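The values are calculated or read from the model by the stated rules, or taken from the named source; none is laboratory data. This structure is a prediction, so every number in the text was calculated from the model and none was measured. Every residue, glycine as well, gets a Cβ built from its backbone with ideal geometry; the counts of neighbours run over all protein chains shown. Heads up: the accessible areas ignore ligands, DNA and RNA and are worked out on the full protein's heavy atoms, side chains in. Shrake-Rupley method; radii C 1.70, N 1.55, O 1.52, S 1.80 Å.
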Amino acid sequence: MSHDIHKHCVSIELHSGEPKGKLEEDISLGEGLGATYVATPSVQVRKDKAVFYITDLFGITIVNHKLLADAIAEESGLTVYVPDLLGKPEPSGKGAVPVGEQADLFKYLKEKWFAQNPLPTTSQRCQDFIKVLKEKRGFTSVAVVGFCWGGRFAAELASHPEFIDGAVIVHPGFLADHNGNLNKDIVEAINKPTLWVLVKDDMAFPEGARKAAHEILEKNKVPNTFIDFESKDGSGKNRIEHGFAIRGSESDPIVVQARKEAKDHVVKFFRQLYHI
């Protein structure tokens, strides 16, 4: 699978707001990884079920993820756990991607980051964290949502019925190669309900990959919903871009509305999955 990246993979606008959750050390994965951010709803409707939230390349360090986790928790009634799967950025390239200039980040990712953060390592950490949730917090059921880089791992987990009940995959990265071809092995293995929140004309997950994923899930009779976001400007360019749901603009009303709708779809999926 190619590690090609696109400009929107490293485009970021930090959002305003104060996180309401807290960091908990006792459910971190150790090995130099930090505490887990826990977003608890004011009314916890299903204490036996939880949401595992997988971030993008920037990791848990950016406030955007904490704010969105807070909103998902409050509106779904489920506790949301956002573990540190990457660690702090390090000069070697290991750890989360630091916020910085786009051109510098392209170079950083290609020359350092991918070599220091192999996909199989994160795949294993995701499985390990679900075990932590069940063993240390006593949850009997876990659902997952993954954004961009995290979308790939949400899709992988949807093939493990012993781990999760359903997955939301939001504008995923690393599920298609540099030619736009779907990683069919991952999608063929999916056997749990999935919601796909996608962007039209997304270079990271283009139309061909979307169509192939949908056809595979339909063929295998696995419950699936695909939501496509698009709002073209006068030149025909889609104003809703890869990464919008977590890193999109706070000043563009079109993007703000799309972010809200994407979050609403995520919440609806979890509430329906757990009959809330």
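Could you grab me the full set of residues in the range 228-254 that are closer than 23 Å to residue 209 by Cβ, in contact with a Ser or Thr (Cβ under 7 Å, 6 or more places away or on another chain) and in a helix (DSSP H, G or I)? Across the range 228-254, the qualifying residue is only 247. Within the option set 154, 176, being touching a strand residue (DSSP E or B) at 6+ places or on another chain (Cβ under 6 Å) and modelled with pLDDT of 95 or more holds for one residue only, 154.
Scanning the range 24-58 for residues that are in contact with a strand residue (DSSP E or B) (Cβ under 9 Å, 6 or more places away or on another chain), open to solvent by less than 30 Å² (accessible area, probe 1.4 Å) and part of a loop (DSSP other than H, G, I, E, B) yields 28, 34, 35, 41, 55, 56.
Considering only the range 181-194, state which residues are open to solvent by 10 Å² or more (accessible area, probe 1.4 Å) and not basic (Lys, Arg).
181, 182, 183, 185, 186, 188, 189, 191, 193, listed by residue number.
Specify the residue that is most open to solvent (accessible area, probe 1.4 Å); the eligible residues are those in the range 59-69 that are in contact with a Phe, Trp or Tyr (Cβ under 9 Å, 6 or more places away or on another chain) and closer than 19 Å to residue 250 by Cβ. Only one residue tops the list, namely 66. In the range 202-218, the residues that are over 14 Å from residue 183 (Cβ atoms) and open to solvent by 40 Å² or more (accessible area, probe 1.4 Å) form no Cβ pair under 6 Å with any partner that is of a type in the set (D, E, K, R) and assigned to a loop (DSSP other than H, G, I, E, B), whether six or more places apart or across chains. For residue 270, the criteria (1) outside any loop (DSSP other than H, G, I, E, B); (2) over 19 Å from the mean Cα position of the chain (by Cα) hold in every case but one, which is (2).
Checking 66, 49 one by one, the residue that is modelled with pLDDT of 95 or more and over 15 Å from residue 144 (Cβ atoms) is 66 and no other. Scanning the range 167-180 turns up one or more residues that are over 17 Å from the mean Cα position of the chain (by Cα) and either under 27 Å from residue 256 (Cα atoms) or surrounded by 15 or more Cβ atoms within 10 Å (Cβ to Cβ) (or both).
Among the listed residues 200, 192, which satisfies the condition of being touching a strand residue (DSSP E or B) at 6+ places or on another chain (Cβ under 7 Å), at pLDDT below 95 and not β-branched (Val, Ile, Thr)?
On the way: 192 fails: at pLDDT below 95.
Step by step, each of 200, 192 is checked, and only 200 is touching a strand residue (DSSP E or B) at 6+ places or on another chain (Cβ under 7 Å), at pLDDT below 95 and not β-branched (Val, Ile, Thr).
Within the range 3-23, the set of residues being modelled with pLDDT under 90, open to solvent by 30 Å² or more (accessible area, probe 1.4 Å) and not in a loop (DSSP other than H, G, I, E, B) comprises 7, 8.
Check the range 178-197 and report whether any residue there is out of contact with any helix residue (DSSP H, G or I) (no Cβ under 6 Å at 6 or more places or on another chain), closer than 21 Å to residue 267 by Cα and not in a loop (DSSP other than H, G, I, E, B). Within the range 178-197, one or more residues are out of contact with any helix residue (DSSP H, G or I) (no Cβ under 6 Å at 6 or more places or on another chain), closer than 21 Å to residue 267 by Cα and not in a loop (DSSP other than H, G, I, E, B). Exactly one residue out of 77, 87 is at positive phi, at pLDDT below 90 and open to solvent by less than 20 Å² (accessible area, probe 1.4 Å): that is 87.
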